[in-house]
Amino acid sequence: LPFRLQLAVGAAFGRVLAMLPIGYVRVARRNLELCFPSLSLGERRALLRRHFASLGIGVVETANVWWSSNASILRLTEFCGFEHLTAALAHGRGAIVVGAHFTTMEMGARILGAVVPLNVFYRQPKNALLGSVLERNYGRFARAVIEPDDIRTLVRALRSNEVVWYAPDQSYRKKGAAMVTLFGIPAPTNTFTTRLARMTGAVVLPYFFERLPGAHGYRAVICAPLESYPSGDAVADAERFNRLLEAHIRHVPEQYLWIHRRFKGLT
């Protein structure tokens, strides 16, 4: 379908989901209550509807993520900050490109893989068939898909001066977790980025992606590397990233993945 029609179909699908009595709607509504208490009830309801429209578009976008050519994808994208990645690789110790779980996440990874050989640090779903489909289609644009328990391959890639992308912003309660605030709320957070940067000497660059209004495509931004990172304090490092994440969420609040139970016990 033409891009504009894809957006319309996806948004309509998402709005239908928002009207259904499903757990995802309840979780998203509660997350918005926690993170945007200053909004009125009507404003949060409108944001919830926009979020599910964005979520529906994200589902439809998967077709472009998997099957469109690099040239087609890049024609839709305004790419900013690539010079930061080039400078990071000039150090010869690899680059950790840190993103987050937005409704645009799959497209954001796809765009990055179109401009640089990319290793995706990604946990496979439990469903074997879905995992096979995802791995095959990630292989269209990624150098490799690295499982979270395959730290050796991850470190080897960085020491070979390669690029690794991953998103550490979801709820995490395993070894290396810490309670780090997001929108002022303590949330169990993965601090592995600090340890990985310390082990490899790789440069850490935040990467944020957004779907532009209308049918104007996307904007991808590789930010300047985090200075004095790692700092020696993993919690402080995670706090720094969360402040950047909050700023981007406030910029495009409907595009964050609010259906995830980020604050366990509160959603």
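The values are calculated or read from the model by the stated rules, or taken from the named source; none is laboratory data. As the structure is a computational prediction, the values presented were derived from the model and not from experiment. Neighbour counts run over all protein chains shown; Cβ positions are idealised from the backbone, glycine included. To get the accessible areas, we keep the full protein, side chains included, count just its heavy atoms, and leave off ligands, DNA and RNA. Shrake-Rupley method; radii C 1.70, N 1.55, O 1.52, S 1.80 Å.
Remarks
- Index of the failed condition, Ser160 passing every other in (1) closer than 22 Å to Glu83 by Cα; (2) buried (at least 17 other Cβ atoms within 10 Å of the Cβ): (2)
- Against the numbered list (1) more than 23 Å from Glu83 (Cβ to Cβ); (2) part of a loop (DSSP other than H, G, I, E, B), Tyr229 comes up short only at (1).
- Criterion (out of contact with any Asp or Glu (no Cβ under 9 Å at 6 or more places or on another chain) and of a type outside the set (Ser, Thr, Tyr)) met by exactly one of Glu83, Glu61, Glu106: Glu83
- Scanning region 141-177 for residues that are in a loop (DSSP other than H, G, I, E, B), within 18 Å of the chain's Cα centre (by Cα) and closer than 30 Å to Phe263 by Cβ returns Glu147, Pro148, Ala167, Pro168, Asp169, Gln170, Ser171, Tyr172.
- Residues in region 250-267 that are in contact (Cβ under 8 Å) with a residue 12 or more places away in the chain and more than 21 Å from Gly10 (Cα to Cα): His251, Arg261, Arg262, Phe263, Lys264, Leu266, Thr267.
- Among the candidates Arg243, Arg250, Arg211, residue that is crowded, with 18+ Cβ neighbours inside 10 Å and either among the charged types (D, E, K, R) or at pLDDT below 95 (or both): Arg211
- Just so you know, in region 101-124 the residues that are assigned to a loop (DSSP other than H, G, I, E, B) and open to solvent by 10 Å² or more (accessible area, probe 1.4 Å) include one that is farthest from Ala157 (Cα to Cα), and it is Thr103.
- Matching entry among Arg261, Arg219, Arg250 (being under 15 Å from Asp169 (Cα atoms) and within 16 Å of the chain's Cα centre (by Cα)): Arg261
- Number of the exception - Gln124 against (1) free of Cβ contacts under 8 Å to residues at least 24 places away in the same chain; (2) in contact with a Phe, Trp or Tyr (Cβ under 7 Å, 6 or more places away or on another chain); (3) polar (S, T, N, Q): (2)
- Residues of region 253-267 satisfying the condition of being open to solvent by 50 Å² or more (accessible area, probe 1.4 Å) and closer than 19 Å to Leu47 by Cα: Arg261
- Some residue of region 87-94 being farther than 22 Å from Leu226 by Cα, aliphatic (A, V, I, L, M) and either open to solvent by less than 50 Å² (accessible area, probe 1.4 Å) or touching an Asp or Glu at 6+ places or on another chain (Cβ under 6 Å) (or both): no
- Whichever residue in region 29-63 is assigned to a helix (DSSP H, G or I), farther than 26 Å from Met107 by Cα and touching a residue at least 24 places away in the same chain (Cβ under 8 Å) and, among such residues, is least open to solvent (accessible area, probe 1.4 Å): Leu34
- Residues of region 214-240 classified as touching a His at 6+ places or on another chain (Cβ under 6 Å) and surrounded by fewer than 17 Cβ atoms within 10 Å (Cβ to Cβ), total: 1
- Enumeration of residues in region 9-28 that are out of contact with any helix residue (DSSP H, G or I) (no Cβ under 7 Å at 6 or more places or on another chain) and either of a type outside the set (A, V, I, L, M) or crowded, with 16+ Cβ neighbours inside 10 Å (or both): Pro21, Gly23, Tyr24, Arg26, Val27
- In the condition set (1) at pLDDT 95 or above; (2) under 26 Å from Arg30 (Cα atoms); (3) touching a Pro at 6+ places or on another chain (Cβ under 9 Å); (4) not small (Gly, Ala, Ser), Arg173 is compliant with all but (1).
- Positions within region 69-78 being open to solvent by 30 Å² or more (accessible area, probe 1.4 Å), outside any helix (DSSP H, G or I) and over 10 Å from Phe141 (Cα atoms), in sequence order: Leu76, Glu78
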